[in-house]
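Notes to accompany the following structure.
The values are calculated or read from the model by the stated rules, or taken from the named source; none is laboratory data. What you see is a predicted model; the values in this text were computed from it and never measured. Here the Cβ positions follow ideal geometry from the backbone for every residue, glycine too, while neighbour counts run over all protein chains shown.
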Amino acid sequence: MHWEVLSTSPAVVRRCGRFLLVDLQTPHRVLSTSVKNGGQTEHLRYLVNHQSCEGSGHQARTHAIMEMGQEAYHDTVCAEIGLPSADTAVLGTAANMNYVAVIAERDAHVEVAAIVTAGVQTNAVCAGDPAGWRESHEGVVKVPAVAGTINTIVVVNAPVTPAVLARLAVTMTEGKSAALQRLAVPSCYSADLATGTGTDQYCVAAPLDGGPPLTSASPHMKFGEIVGRAVRAATLEALRWQNGLEPSYTRGIFHALGRYGLKEQTIFDDLSGLLDAADLELLQRNRQAAFYEPLVGAAAHALATVLDRARHQTLPESVLPEAVLQQAATLAASLAAKPHHWVEFHARLRTMGCSDPKLLVVAAIALGWRDKWQPN
């Protein structure tokens, strides 16, 4: 196999086709979610991430892996790339290895590398969301096909204590969730923002020798800071390439309010009764300019935040109708490019009597678009 070297410090990172390999070279303490050789170990030499299936509809591959069994599949992966199964941790994902992000951070003599592949379009989840399967004495019931996974490998160039290795996994996870927070990634299973996916995997590794072990990976320490920063940056970069989640693209109203029912696939059906044929066609021709207008996006994100705060009881339920109405009026005024008409838009939206936030937003879009080219 022809391996492309992506990085050499603090470990050698190589890629070939569907496979990504981290060669630890010296003895390391490793904590991982690998089905075989997982948990905490001190004998692993190789950390492997690989594309195990396509992201959508690859049922034959999924069934083959399930029939084979996870440990046997581990052995098959290792054999395919010529690695000893007993010395290897394996992570699997539907993400393309060409989209891997490798980010290194350093503080004084300590260096951290985060190696991340990520996809969140079909499997993003918030911790505590309703789950789709259960494990019992009879086995696992209803295992769904899922395509989104965030796989994270963190390698440190300095020894750490076993407790710090465990804390490192916490800081790493918080860095991943911080990246999702920055992108306002929605859960696929609830109205909440995602904290990860249902199939996330990881490996964290630090050498056994090389000086006194680090004794804290807390974000209060510089070591914890660079771990969090590296993982956050690598997760953002991986999602940018795998899912096209460029931060600026997440400003659109569908990204902001999709978890509350506003969908690009149905928006023109929703608007058809509120706009005449000419206005509707003009909006269809200019959908990108309208739906990604930055002030419209700002109002949509503000409205989503109001709905979040009411749902989490930060705001009393009694103020929700007026709070949503205010943001909807701002959205209409922004789309119309007429901030001086806010009071008028507020009054007109109030008379529509929309109690459903989604219907109110649709009405605000129609109102703002229809008014945009009217004389002041």
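Values for this structure:
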quantity: Hits in region 290-313 (condition: within 16 Å of Ala332 (Cβ to Cβ) and exposed (fewer than 15 other Cβ atoms within 10 Å of the Cβ)); calculated: Pro294
quantity: Selection from region 168-194 of residues that are over 20 Å from Pro130 (Cα atoms) and in contact with a helix residue (DSSP H, G or I) (Cβ under 8 Å, 6 or more places away or on another chain); calculated: Leu168, Thr171, Met172, Glu174, Gly175, Lys176, Ala178, Ala179, Arg182, Leu183
quantity: Hey, Val164 among the hydrophobic types (A, V, I, L, M, F, W, C), surrounded by fewer than 18 Cβ atoms within 10 Å (Cβ to Cβ) and assigned to a helix (DSSP H, G or I) or not; calculated: no
quantity: Residue identified as closer than 21 Å to Thr197 by Cβ, buried (at least 19 other Cβ atoms within 10 Å of the Cβ) and modelled with pLDDT of 95 or more among Val48, Val13, Val30; calculated: Val48
quantity: Test: residue in region 340-354 that is hydroxyl-bearing (Ser, Thr, Tyr) and either touching a residue at least 40 places away in the same chain (Cβ under 8 Å) or part of a loop (DSSP other than H, G, I, E, B) (or both); calculated: no
quantity: Subset of region 59-115 [loosely packed, with under 13 Cβ neighbours inside 10 Å, closer than 26 Å to Asn243 by Cα and among the aliphatic types (A, V, I, L, M)]; calculated: Ala60
quantity: Any strands (runs of 3 or more DSSP E) falling wholly within region 1-98 and containing at least 1 residues that are aliphatic (A, V, I, L, M) and in contact with a strand residue (DSSP E or B) (Cβ under 9 Å, 6 or more places away or on another chain); calculated: 4-7, 12-16, 19-23, 28-32, 46-51, 88-93
quantity: Search result, residues across region 70-93 that are closer than 20 Å to Ala60 by Cβ and in contact with an Asp or Glu (Cβ under 6 Å, 6 or more places away or on another chain); calculated: none
quantity: Leu325 more than 29 Å from the chain's Cα centre (by Cα), part of a helix (DSSP H, G or I) and under 30 Å from Gln181 (Cα atoms); calculated: yes
quantity: Condition met for Ala131 (assigned to a loop (DSSP other than H, G, I, E, B), in contact with a strand residue (DSSP E or B) (Cβ under 6 Å, 6 or more places away or on another chain), modelled with pLDDT under 95 and among the aliphatic types (A, V, I, L, M)); calculated: no
quantity: Residue list for region 283-322, restricted to those being assigned to a loop (DSSP other than H, G, I, E, B) and within 26 Å of Ser272 (Cβ to Cβ); calculated: Asn286, Tyr292, Glu293
